[in-house]
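Scroll down for the structure; my scribbles are underneath it.
The values are calculated or read from the model by the stated rules, or taken from the named source; none is laboratory data. Only a predicted model underlies this, so the values are computations on that prediction, with no experimental measurement involved. Here the Cβ is made from the backbone with ideal geometry for all residues, glycine too, and neighbour counts use every protein chain on show. With ligands, DNA and RNA removed, areas are computed over all heavy atoms of the protein, side chains included. Shrake-Rupley method; radii C 1.70, N 1.55, O 1.52, S 1.80 Å.
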Amino acid sequence: GTLKRLHDRLREHAREKAGRSRKASAGVIDSQTARATGAGGPERGFDAGKKTFGRKRHLLVDASGLILLAHIHAASLHDTAGAQQMVEVTSSSALPRLELVWADGAYTGPFARWLDQARGWRVEVPFHRQRQAWRPGLEDKPKGFQVIPRRWVVERTFAWLSRSRRLARDHERLPETGIAMIHTAMSRIMLRRLA
């Protein structure tokens with residue numbers, strides 16, 4: 001737990017330096033499937049949506065992309081089940097100010113109701129601003145990549161982490177080691193910001 005405690009303290013300092021409160025009040029949640037290497041180990045599975053064998057990395061980040069919670073589980077586990085595991089293994093006092101979680105549509109329904117009952121966190125799904133105007137006859141659909149409000153923050157965090165060689169693929173035998181590597185890579189990023 002030493003790397004996590006160090007990471008959490010650095011996050012508080014980085015938030016303070018950016019002019020924010022030390023504790024986050026909103027977050028963004030998503031998962032990323034990491035392709036497995038031949039290392040073996042528990043918690044591995046096949047993600048049918050991505051056609052990939054490996055593990056999923058679940059992250060809850062604050063509004064600036066700093067990691068609040070991290071969890072690794074088998075890729076075969078659905079996103080909502082993995083997110084629920086991530087929240088359940090975290091003490092209820094870990095994120096005292098958190099009230100709002102932005103997510104994609106996969107996290108609505110039973111998971112959103114469970115999260116509200118268990119922690120009092122509200123799930124909100126941001127959509128494209130002009131989504132309704134894209135219907136035929138009203139307006140032409142924009143071409144190319146369109147940024148979805150708030151959800152891009154967690155995707156950027158995954159991009160930051162993938163620059164770390166140990167996180168480009170899932171090289172770890174144990175999921176706990178993978179979580180430690182996530183905290184180490186993010187600590188490096190925050191130390192650069194603080195310096």
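Observations, loosely collected:
- Residues (of a type outside the set (Ser, Thr, Tyr), open to solvent by less than 30 Å² (accessible area, probe 1.4 Å) and more than 13 Å from residue 68 (Cβ to Cβ)) located in the range 27-36: 34, 36
- Yes/no for residue 8 being more than 17 Å from residue 96 (Cβ to Cβ) and open to solvent by 10 Å² or more (accessible area, probe 1.4 Å): no
- Odd one out for residue 3, checked against (1) at pLDDT below 95; (2) open to solvent by 40 Å² or more (accessible area, probe 1.4 Å); (3) part of a loop (DSSP other than H, G, I, E, B): (3)
- Of all residues making up the range 19-53, the number that are part of a strand (DSSP E or B) and either touching a Ser or Thr at 6+ places or on another chain (Cβ under 6 Å) or charged (D, E, K, R) (or both): 7
- Hey, residue 39 at pLDDT below 90, open to solvent by 30 Å² or more (accessible area, probe 1.4 Å) and farther than 23 Å from residue 16 by Cα or not: yes
- On the stretch given as the range 149-169, residues that are among the charged types (D, E, K, R), over 15 Å from the mean Cα position of the chain (by Cα) and part of a loop (DSSP other than H, G, I, E, B) total 2.
- Answer residue from the range 68-108, given it is among the polar types (S, T, N, Q) and not in a loop (DSSP other than H, G, I, E, B) and is least open to solvent (accessible area, probe 1.4 Å) among those: 80
- Some residue of the range 16-26 being in contact with an Asp or Glu (Cβ under 6 Å, 6 or more places away or on another chain), free of Cβ contacts under 8 Å to residues at least 24 places away in the same chain and open to solvent by 70 Å² or more (accessible area, probe 1.4 Å): yes
- Filtered by the rule that a residue be over 30 Å from residue 17 (Cβ atoms), free of Cβ contacts under 8 Å to residues at least 40 places away in the same chain and of a type in the set (Gly, Ala, Ser), the range 42-92 gives 45, 48, 49, 74, 76, 81.
- Among (1) outside any helix (DSSP H, G or I); (2) open to solvent by 10 Å² or more (accessible area, probe 1.4 Å) - the single one residue 65 does not satisfy: (2)
- Any hit, the range 48-55, residues being more than 18 Å from residue 158 (Cβ to Cβ), in contact with a helix residue (DSSP H, G or I) (Cβ under 8 Å, 6 or more places away or on another chain) and open to solvent by 50 Å² or more (accessible area, probe 1.4 Å): no
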